[in-house]
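Each remark here refers to the structure printed beneath this line.
The values are calculated or read from the model by the stated rules, or taken from the named source; none is laboratory data. Note that the coordinates shown come from a computational prediction; the quantities given were computed from them, not determined experimentally. Reconstructed Cβ throughout: ideal geometry from the backbone, glycine too, with neighbour counts over all protein chains shown. SASA here: full protein model, heavy atoms, side chains in, ligands and nucleic acids out. Shrake-Rupley method; radii C 1.70, N 1.55, O 1.52, S 1.80 Å.
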Amino acid sequence: MKKLLKNILSITLAASMTLSLAACSQETDGGNNAGNADPAPNNGGGNSGKADKIVLWTLSNDLKQFAERYTNETGNEVEVVVFDSADFKTKINQTLGTKSTDVDVFVGEPQMLPDFFEAGFSADLSVFDSQVKSRLVDYTYQAGLDSDGVLRAISYQACPGSVIYRRDIAEKVFGTDDPEEIGKLFASFDEIENTAAKLQAEGYTIFGDTGALRWFSNSSSPWVKNNEIIVDQDRLDYFDCAVELYQKEYVAFAPEWSAAWYASMAGPLPMHAEWSALDEVSDNSQTEVFSYVMPSWGALIVRDNAGDNTGKYGVCSGVCSFFGGGTFLTVNEFSKHKDAAMQFIEYCTLNDDTARWWLTASKGDVVSNKAVLEENKDFKNESFGNQNTYGFFLEEMDNIDYGLITAYDDACKDAFGAAIISVQKGEKTKEEALKEFYTVVITQYPELKIPENAPINN
């Protein structure tokens, strides 16, 4: 498993960090670059030519900060419209399905991009291909390519994953808080079960709930290959591990995004606080959660909710390297301001000074710019026990195998997770749950089939 994906980061950069935010700007005409076969790298913040006003549709407020900085430095206007994530994809499909020119730049998360590309909504960004390929994290480059290998989206951030663990608990239970050693405790699903048992014996739980394991579901094989749904031994091990952790109460039953889950980052919480307000839990038994598995944006959540545990966390590798989410910028194919739109995207994604600025402004987001990450790979992160987290994530991203990603992943993961839950709660046998998994996926995607060696055929 390790050979495929030896898979976030949260860093509060100190004021003394030597980021060259005040570096002299090299003026570049992004509009002219958009017409060249191979534009030169834009490492400055200025622009010598006034561009058309553009409209940007996005999922978060982050790009408002980019737009404000861009306007201050170039004088070019960007109107930013933020949508709820639940409505965004539908809004894009409805609007661009009519070839609307109301939006010039829009964003997409990796799982959305293939549909946008296939629908013809995203303009050709091949003019930036060589820069993106050489200067940005590889998996982000791969995610921005359409099925023909044409670049159509670029990301200013990367979202590598890790196991985020409590250093103080690690010292007490395992005698070390070293990331290399703790990573061994999460190196396989069998190891995770053993680790969970040792933690329980000391009064701790390994995760908030078993949903943490889902990030490791692409540990060895794609979900679909040659139109066959793949449930290999690693996925069966994942299934068994999730059931084991649940039924032996190795987890705190505090699902992600619940009040109990957030509270667990700062200290003890009652067991069985599942979907309940903490003050309504009658069970007086308490536990502390040892670890969380999330992409880099999740580490920011842990940092911001750690309370008195701030500085007590570390990051290490797990069953496999992975990524999750990320904001990719793409140009509306029907925009009347493509040059201006490309100029803005270049500023956000291929400008070294912008990447340096965002490390500080975001207080820990992971940029996709490899050179800027390399500049800061030895930075000691106070929120994570002075660990050199940027260096860690650079290595993790090198191990991400984007070739394992398919357009069917979300459907397969959701159906597999539902199958696991049905067994955890005693509603189905494992074989019944797996049969239901295949049925659900094939109903949604009739072109797929069950392979002859599927575990339900043994």
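Residue pairs exceeding 29 angstrom between C-alpha atoms, taken from Lys91/Lys413; Lys53/Lys377; Lys89/Lys413; Lys184/Lys312: Lys53/Lys377. Dipole of the chain computed with +1 at Lys/Arg Cβ and -1 at Asp/Glu Cβ about the Cα centre; of Leu199, Thr389, Met271, farthest Cα towards the positive end is Thr389. If only the Cβ of Lys and Arg carry +1 and only the Cβ of Asp and Glu carry -1, the dipole of segment 308-452 around its Cα centre is close to 320 debye. His337 sits with roughly 60 Å² accessible to a 1.4 Å probe, with DNA, RNA and ligands left out of the calculation.
Computed from the C-beta positions of Ser126 and His272 and an R0 of 51 Å, the FRET efficiency is 0.40 to the nearest 0.05. Between Glu191 and Glu374, the modelled label-to-label distance comes to 2.9 nm, taking each label 7 Å out from Cα in the direction of the beta carbon.
Basic side chains Lys and Arg get +1 at the Cβ, acidic Asp and Glu get -1 at the Cβ, and with that the dipole of the chain about its Cα centre reaches some 260 debye. Spin-label model, Asp410/Lys363: points 7 Å from Cα along the beta carbon direction are separated by 3.0 nm. Taking trypsin sites (Lys or Arg not before Pro) across segment 220-270, the ones in a DSSP loop with at most 12 further Cβ atoms lying within 10 angstrom of their Cβ are Lys248. What accessible surface, in Å², does a 1.4 Å probe find on Met342, ignoring ligands, DNA and RNA and rounding to the nearest 10? Counting only protein heavy atoms, the figure is 20 Å².
Distance between the 7 Å Cα→Cβ label points at Ser60 and Gln286: 3.3 nm.
Beta-bridge orientation, the chain: approximately 70 percent antiparallel, per DSSP, counting only bridges with both partners inside. With the Cα gyration tensor of segment 419-458 giving a ≥ b ≥ c as the square roots of its eigenvalues, does the rule (a/c under 1.5 for rounded; else a/b larger than b/c for prolate; else oblate) give rounded, prolate or oblate? Oblate, because a/c is 1.5 or more while a/b does not exceed b/c. Relative contact order for segment 143-283: what percent, with Cα pairs under 8 Å and sequence separation of 6 or more? 17 percent.
Of the residues Gly161, Ile182, Ala119, the one whose Cα sits farthest towards the positive end of the charge dipole of segment 106-188 is Ile182 (charges of +1 on Lys and Arg Cβ, -1 on Asp and Glu Cβ, taken about the Cα centre). Taking 0.36 nm per residue of separation and subtracting the current Cα-Cα distance, fully stretching the chain between Glu181 and Glu431 would add 86.4 nm.
For segment 141-291, a crude dipole built from +1 on the beta carbon of Lys and Arg and -1 on the beta carbon of Asp and Glu, taken about the Cα centre, is about 320 debye to the nearest 20.
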